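Asker: One structure, pasted below without further comment.
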Amino acid sequence: MVGFRKLLAVIILTVFSTVIFAQRNITISGYLKDTTNGERLPGATVYVRDILKGAATNDYGYYSLVIPAGEHTIEFSYMGYQKVVKVMKLTENQTINYELTPLAHTMQEVEISATRGDNNVSSTDMGSTELNLVQVKKIPAFFGEADIIKTVQLLPGVQSAGEGNSGYFVRGGGLDQNLILLDEAVIYNAGHLFGFFSIFNADVIRSAEMIKSGMSASYGGRLASVLDVTMKEGNNKRYEVEGGIGVIFARISAQGPIKKEKASFLFTARRTYIDYLIQPFLRKDSPAKGVKFYFYDLNAKINWEVNSKNHLYLSGYYGADTYGFNSTGGLLTSAFNWKNASASFRWNYNISPKLFLKTLAMFSNYNFGMDADLDVYGLNLSSGIQDYRAKSELTILPYNGNILKAGIDYTFHRIKPNTYMANSITELDMPEMQITNANELALYVNDEIDLGDAVRLNIGLRGSYFSHVGQYKQYILDNTTGKAIDSINYSFGQKVKDYWGLEPRLAIRFAIDKTLSLKASYMHNYQYLHQVAMSSISLPTDMWISCTDGILPQIGDQVSFGVYKNLKNNEWELSVEVYYKNMKNLTEYVEGFSPLSQAARPLNSFFTQGDGYAYGVEFFINKTIGKFTGWIGYALSWTKRTFPELNNGLSFNAKNDRRHDVSVMLSYEILPNLTTSIVWVYATGNTMTVPVGFYFIGTDLVTEYSTKNAYRVPPYHRMDISVNWEIRKTERFENSLNFSVYNVYNRKNPFFISIGTRVDQASMNITNTAYKMSLFPIMPSISWNFKFRSK
């Protein structure tokens, strides 16, 4: 009997211990990196096969996963990298860092299908695209220069602002409604050469994500989209030098360890040299002789892993454009200059395996200037915007499938609107425009959580506050003339006018099965900065202004629904999205505005505000794996505007109202070292206002115009092709040639259309002639790219 009791006690103790052990959870956490350069891998996957649980790394390659103690088979994977599978016996919390090896150009590439994520179906993301930088470099490019923004413009729902232009419209929004970030610092003008090239050097970019809907609460200040671009960290294992020489470009970059596997640096430079090439061939009396015509930019980054818990980053960008013009005889000379600068300091702190803190200090600066001289007369135009920003965000990982973020974001804005200065013009009053100072503060919380296997929810709330502060002179206007009759002076920091709003965000995914899901999202956004343009394309002369006592914040609501499907083990991604967007307090120049004739008026009187809406459907087919890759996108959309003081208060088509947008990007690997790509785009023509009638009042000719934007220019379409030949690739050296042809079939797409009017005084006949200006015919280009590595 005693023996039986002892045996029973042992059995009970064993069972009880087993239950206790089985119920005890532990946390594994760490970083996934690239074995060749030490770069962190955002979006990599850690998957525990035996319990079917996993987690993805954050933007800095960090993951945290709660699992039962015991023996597990753990898989570490990332798109384009070899998987690592380990069997581990884990009894306590443990830090597990792994380095993954990129797949070489061998038959191993078939393994990519096994590591390709199902994020298209499984996540709550809607209207979100993670750009593949390898694919970006294969896409046919203008003058052979790989360009992230040109790739973004190929996505459905994103419309180019014009031939070769780096500005873009997203789902009926304005050019100013797109938030562009470089290492989280705001970029206010992303274009070089009047927008024909972007400021982003593809050699320095690690990742780029485009978000059109379902925006997280951590993003704010814009209504339409976010383009979040992150620079590489720099190779912390060995030195690399890479670059390229093209038809009008040269670029060079260097990176390497400051202290091996602890600290690294990255530096890149890029410049056009067409001004040097053409000057020797110009006659001495040529208008272009001595004219400056170039741009350059610089990127730099330093990162330092202080210890396992603390990581510091410092990055910066500087770019400048200079363009000039001299008329024959030198009677008219003009010069355009604009500069972009940004800097970011970031501190990442792993408080614990489930707590991650990032704190940033950022600076952004954009300045534009123009000088024009005609004989003894001169005109100067200048404008700019400067930001000082601080942000801190805490990420909490309470349990698997739950990611909770909370943060604070503060910006001090200093805005200089278009300021005109003239000399030798005594009859024109050119007032000094006021610099606007403003504080913008946001608090936000965002939670992404699994509600069972089928439902995943992403819910957030952002509270934003904006305060226009002095030093400032507020003008009191005459109701009849619109001119200032009195003023109120505000001292530095004194509140002039403030606004605030709550911005709820919601996204939900319902999984039908592992390859099919339904998604919906809603976002409510406030935007306190406006950019006002006088033309239909994005130009450096477009002016940034802030909310004031007479300019209200833009407010937007967007709701989206989508169906997402993956095929053939995630090799094909398909999606259909339907959206509706409502926008309030959009800003335009008043009817008949002229910068010179109305420059003497207070700034608020330049503008009028109105509302708009847009709706449409987008189709996207994306093949992600194999020798043949690429996508086809199509958008059917409508965009309207209503301004009480424009078009007699009647609704009108927005300038970016395009019924149809088609983009095709296909790439095929002919040989392991030879790839060809083709791009074809089609878009309904932009809207325009044209003269429809003329009459005389006495001897004065009066022009009668159509209702606003009642006509369209011809549709835009173009085909580009490229061939990329990898000449040689070894462990320490590789080089390649890229051949590309822009506008293969020489389509003369309209850049703008002007209406010329000729009056025959004798017969009183009036003749109208439309003139179309096209920019780029068929343009072949070639570039050579290289990379050196140390041992």
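Asker: In what sequence, largest accessible area first, do Ile697, Ile778, Ile274 appear using a 1.4 Å probe?
Answerer: Putting Ile697, Ile778, Ile274 in descending order of accessible area: Ile697, Ile778, Ile274.
Asker: How much accessible surface area, in Å² rounded to 10, belongs to the heavy atoms of Lys405 with a 1.4 Å probe?
Answerer: 70
Asker: Once the Cβ-Cβ distance between His660 and Thr333 is put in as r, and R0 is 51 Å, what FRET efficiency do you end up with, to the nearest 0.05?
Answerer: Values: r = 43 Å, r/R0 = 0.85.
Efficiency for this residue pair is about 0.70.
Asker: Going 7 Å from the Cα of Ala69 along its beta-carbon direction, which residues of the range 22-41 have the amide nitrogen within less than 17 Å of the resulting point?
Answerer: From the range 22-41, the list is 22-29.
Asker: Nearest 20 debye, what's the magnitude of the dipole of the chain about its Cα centre given +1 on Lys and Arg Cβ and -1 on Asp and Glu Cβ?
Answerer: Magnitude of the dipole: close to 2080 debye.
Asker: Further question on the same structure: Name the longest site-free stretch of the chain, where the excluded sites are GluC sites (Glu not before Pro) in a DSSP loop with no more than 12 other beta-carbon atoms within 10 Å. Provide the component values of the computation, followed by the final result.
Answerer: Numbers: sites that count: Glu92, Glu261, Glu427, Glu432, Glu591, Glu731.
Between exposed loop sites, the widest span is 93-260.
Asker: Where Lys and Arg each count +1 and Asp and Glu each count -1, what net charge lies around Val532 among other residues with Cβ under 9 Å from its Cβ?
Answerer: Here the count lands on -3.
Asker: While we're on this one: Roughly how many Å² of Ile245 are accessible to a 1.4 Å probe, to the nearest 10?
Answerer: In the full protein context, Ile245 sits at about 90 Å².
Asker: How big is Rg to Rh over the range 580-691, alpha-carbon atoms, Rh as the Kirkwood inverse-mean-distance radius? Can you show the working numbers first?
Answerer: On the way: Rg = 21.2 Å, Rh = 17.6 Å.
Here Rg/Rh amounts to 1.20.
Asker: Starting from the Cα of Lys748, step 7 Å along the direction of its Cβ; do the same at Glu571; then give the gap between the two resulting points in nm.
Answerer: For Lys748 paired with Glu571, the spin-label model returns 4.6 nm.
Asker: Here's a follow-up. Each label point is 7 Å from the Cα along the Cα-to-Cβ direction; what then is the distance between the points at Thr757 and Leu502, in nm?
Answerer: About 5.4 nm separates the two model spin labels.
Asker: Let me ask something else about it. Taking 0.36 nm per residue of sequence separation and subtracting the Cα-Cα distance, how much length would be gained by fully extending the chain between Ile697 and Ala454, in nm to one decimal?
Answerer: Extending this stretch completely gives an extra 80.3 nm.
Asker: To the nearest 0.05, how large is the calculated FRET efficiency for Thr689 and Thr91 if R₀ is 56 Å and r is the Cβ-Cβ distance?
Answerer: Here the calculated transfer efficiency is 0.15.
Asker: Give the ranking of Leu154, Leu674 by solvent-accessible surface, highest area first, calculated with a 1.4 Å probe.
Answerer: Result, largest first: Leu674, Leu154.
Asker: In addition: Before anything else, pin down the relative contact order of the chain: Cα pairs under 8 Å, at least 6 apart, normalised by residue count, whole percent.
Answerer: 10
Asker: Run through the range 487-523 and list the chymotrypsin sites (Phe, Trp or Tyr not before Pro) located in a DSSP loop whose Cβ has at most 12 other Cβ atoms within 10 Å.
Answerer: Phe492
Asker: A further question on this structure: To the nearest 10 degrees, how steep is helix 2-23 against the longest Cα principal axis of the chain, on a 0 to 90 scale?
Answerer: Compared with the principal axis, the helix lies near 10 degrees.
Asker: Report the far tail of the P(r) of the chain, meaning the percent of Cα-Cα pairs longer than 48 Å.
Answerer: 23
Asker: Accessible area of the chain with a 1.4 Å probe: how many percent of it is carbon plus sulfur?
Answerer: Values: 21380 of 35430 Å².
Roughly 60 percent of what the probe reaches on the chain is carbon or sulfur.
Asker: I want to make sure I understand the PRE zone here: with the label point 7 angstrom from the Cα of Ile621 toward its beta carbon, which residues in the range 562-586 have backbone N atoms less than 13 Å away?
Answerer: Only 567, 572-576 fall inside the zone, counting backbone N under 13 Å.
Asker: What length, rounded to one decimal in nm, is gained on full extension from Asn735 through to Glu591, with 0.36 nm per residue of separation minus their alpha-carbon distance? Before the final figure, lay out the partial values.
Answerer: Values: separation 144, 0.36 × 144 = 51.84 nm, distance 5.52 nm.
Between Asn735 and Glu591, full extension yields an extra 46.3 nm.
Asker: Putting +1 on Lys and Arg Cβ atoms and -1 on Asp and Glu Cβ atoms, find which of Gln82, Gly61, Thr359 reaches farthest to the positive end of the dipole of the chain.
Answerer: Working it through, the farthest residue towards the positive pole turns out to be Gln82.
Asker: Quick check on my link table: of Lys416/Lys473; Lys232/Lys292; Lys33/Lys339, which ones sit more than 23 Å apart, alpha carbon to alpha carbon?
Answerer: Lys232/Lys292; Lys33/Lys339
Asker: Using only Cα atoms, locate the centre of the range 170-236 and the centre of the range 571-592, then give the distance between them in Å, rounded to an integer.
Answerer: When both Cα centres are located, 17 Å separates them.
Asker: Multiply the residue separation of Ser308 and Lys83 by 0.36 nm, subtract the distance between their alpha-carbon atoms, and state the gained length in nm to one decimal.
Answerer: Full-extension gain reported as 78.6 nm.
Asker: What is the range 709-791's relative contact order, in percent, from Cα pairs under 8 angstrom and six or more apart in sequence?
Answerer: Dividing the mean separation by the residue count of the range 709-791 yields 33 percent.
Asker: Let me ask another. At what distance in nm do the modelled label points of Val134 and Phe363 sit from each other, each positioned 7 Å from its Cα along Cα→Cβ?
Answerer: Distance between the two pseudo-spin positions: 3.8 nm.
Asker: Now for a separate question. Which listed residue (Phe776, Phe786, Val713) has the Cα farthest towards the positive end of the charge dipole for the range 664-791, taking +1 on Lys and Arg C-beta and -1 on Asp and Glu C-beta about the Cα centre?
Answerer: Of Phe776, Phe786, Val713, it is Phe786.
Asker: For the range 656-784, would you read off the P(r) tail past 17 Å as a percentage of all alpha carbon pairs?
Answerer: 71
Asker: Let me ask something else about it. Summing -39500 (n - 2.57) over the DSSP H runs of n ≥ 4 in the chain and dividing by its residue number, what mean residue ellipticity at 222 nm do you reach, to the nearest 500 deg cm²/dmol?
Answerer: Values: 6 runs with 46 residues, N = 791.
Mean residue ellipticity, 222 nm, calculated: -1500 deg cm²/dmol.
Asker: Along the positive direction of the dipole of the chain (beta-carbon charges: Lys, Arg +1; Asp, Glu -1; about the Cα centre), which of Gly43, Phe412, Leu636 reaches farthest?
Answerer: Gly43
Asker: Using the structure shown, select from Lys53/Lys627; Lys83/Lys237; Lys581/Lys655 the pairs with a Cα to Cα distance greater than 28 angstrom.
Answerer: Lys53/Lys627
The values are calculated or read from the model by the stated rules, or taken from the named source; none is laboratory data. Bear in mind that the values here come from a model prediction, so they are computed numbers and not experimental data. We place every Cβ from the backbone using ideal geometry, glycine too, and count neighbours over all the protein chains shown. The protein model used for the area step is the full one, side chains on, heavy atoms only, and it has no ligands, DNA or RNA in it. Shrake-Rupley method; radii C 1.70, N 1.55, O 1.52, S 1.80 Å.
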